Each structure stands twice: as C-alpha cells, then as structure tokens.
1. Tell me the residue from Phe129, Phe158 that is touching a residue at least 24 places away in the same chain (Cβ under 8 Å) and assigned to a loop (DSSP other than H, G, I, E, B), please.
2. Kindly establish whether Leu173 is of a type in the set (A, V, I, L, M, F, W, C), farther than 17 Å from Arg73 by Cβ and in contact with a strand residue (DSSP E or B) (Cβ under 7 Å, 6 or more places away or on another chain).
3. When the residues of region 138-167 are narrowed to those that are of a type in the set (S, T, N, Q) and buried (at least 19 other Cβ atoms within 10 Å of the Cβ), which ends up nearest to the chain's Cα centre (by Cα)?
4. What strands (runs of 3 or more DSSP E), lying completely within region 2-98, carry at least 1 residues that are among the basic types (Lys, Arg)?
5. Only residues that are within 17 Å of Val79 (Cβ to Cβ) and in a helix (DSSP H, G or I): list them for region 100-126, please.
6. Collect the residues in region 156-177 that are within 15 Å of Asp81 (Cβ to Cβ) and of a type in the set (Phe, Trp, Tyr), keeping them in residue-number order.
7. Being more than 20 Å from Gly159 (Cβ to Cβ) and polar (S, T, N, Q) is the filter; apply it to region 104-137 and report the residue that is surrounded by the most Cβ atoms within 10 Å (Cβ to Cβ).
Amino acid sequence: MLIVENLHYQYGAHKVLDDISMRLEAGQLGMLIGQNGAGKSTLLRCAAGWSIPEKGNVIINGVDIKVHERKFRSQVVLVPDTPDFYDELTAWEHLQFIAQLHRIPDWPPLAEELLTEFQLIDQWDTFPFTFSRGMRYKLALCLALMIRPPLILLDEPFGPLDAISSQILWRKLESYAADGNTVLFSSHIVPNDRLPGIILHLRQGHVERITPGETLNLAELLNDGEEDDES
C-alpha cells in the first residue's frame, strides 16, 4: 500500500508538486501520466524516499518514512528511467550482489529465470556498461523483481523496451500486483494500449484520479489535459 499525503515539492521558485495526496492499495497496478516536465519523476522519487519534499509525508505498508526510514526503504524499489550500474560487475554479479545484500535465499534459479524472461541470459557474464539502454533497463527490472518489495515504482519503463519485452513486462507487472503487491509506473505509452484500472494524471502540480472507460486511450487522456489547460 502506498499513501502520499499533502506532498509539496519545488525547484527554487518553481512549484512542481502542490499539495498532492493519493493512495494505492495492495494488489493494485497504477499508471502515472502527464506531459513532459509535469513532475512525474519527482513524484516517484519522493514516493521512494529518494527526494525529500518541503511538506507532506509518504507511508508504505504502514511504515512512515519520517519515523522508520530504514524500514521504509526496505518496502520499495524505484527503477529510474536511466538506471546506474557498477562498471566492474557483470550482469550476473549484479544479481549476486543484490541477492546477498537483501539476503535472498536460493537466488540463482530466480536470477536465471528473470534473465531468461527478459532475454538477457546470453549476456549474463557481460558488463552492463556495454548494454543498450533497453538492455540496461531490463537488467534493472530483473534486480527489482528479484528483491520483490511490497511496492515497485517504475519511471518510463516501456520507453526503452522493444515490443516483445514490453509485453513480457506488462504480464510481470499484472502478476506482481495479483500477488498482493503494489505497482506504480509513469509512462506515455503502454503495450497495445492496455491501460491499468488506475490512472493518475499529474497536471499543474496536482494529481487527478481517472477511471478509464473501455474505449479511452492514453493519447485521449493527455489530449484532454492539454485542452483543459488551454481553456
């Protein structure tokens, strides 16, 4: 479960997030949309505890970041749009490092399964700095899914991925949420226009929750927002 309460964030005099409150329950898959510069990445970073807001609070599974910061950080993984890796570690060694850090038992079969699903198994002993952007993002997804936190936050996950990998990720996210976890991702695109049940539209510093109809697509949602801004 993710609870964001009265969140404020600004860069200098520019107010990016203005008194944002939102809630996602366990088992829910949500998408955060908005125009470029709307503050989607900032909101995800605040939700993950990577950025500290001027006001407001974030609670994950009942854990308040202001009260139990260390426990809070164990509840969430954020995959940014440009993940970083250690130059001296191979893809497999990254998985090994994460498994040891999080004390994941019997991790090799899971690591192999994830690399296979995301078509990275042939590069298991390759250094990620040689990977394409899409391959780097897929490795970051493997790391996040191996940790299996109650909340996964993804920043523009479908942008760097090919069509097949996007379909694989979509199925993984649906399955992950069905297992009782919470997922929130920002995106301008989704595979085959498959929208989740929860859409959060970030616009002018505020979040509006939208219930998508059967024929409503992502472009229509963003176009509606642009028309509202112009009126």
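The values are calculated or read from the model by the stated rules, or taken from the named source; none is laboratory data. The shown structure was predicted, so the numbers you read here are calculated from the model rather than taken from an experiment. Here Cβ is always computed from backbone atoms with ideal geometry, including for glycine, and neighbour counts include all displayed protein chains.
1. Testing whether each residue is touching a residue at least 24 places away in the same chain (Cβ under 8 Å) and assigned to a loop (DSSP other than H, G, I, E, B) leaves just Phe158.
2. yes
3. The extreme case among them is Ser166.
4. Strands (runs of 3 or more DSSP E) meeting the threshold: 14-24, 55-60.
5. Within region 100-126, Leu101, Ala111, Leu114, Leu115, Glu117 qualify.
6. Of everything in region 156-177, just one residue is within 15 Å of Asp81 (Cβ to Cβ) and of a type in the set (Phe, Trp, Tyr), namely Phe158.
7. This residue is Gln123.
Let's see how each residue does on (1) among the aromatic types (Phe, Trp, Tyr); (2) touching a helix residue (DSSP H, G or I) at 6+ places or on another chain (Cβ under 9 Å); (3) closer than 11 Å to Ile147 by Cβ:
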{"residue": "Arg70", "(1), (2), (3)": "no, no, no"}
{"residue": "Leu78", "(1), (2), (3)": "no, yes, no"}
{"residue": "Thr90", "(1), (2), (3)": "no, yes, no"}
{"residue": "His94", "(1), (2), (3)": "no, yes, no"}
{"residue": "Ala99", "(1), (2), (3)": "no, yes, yes"}
{"residue": "Arg103", "(1), (2), (3)": "no, no, yes"}
{"residue": "Pro108", "(1), (2), (3)": "no, yes, no"}
{"residue": "Glu112", "(1), (2), (3)": "no, yes, no"}
{"residue": "Leu115", "(1), (2), (3)": "no, yes, no"}
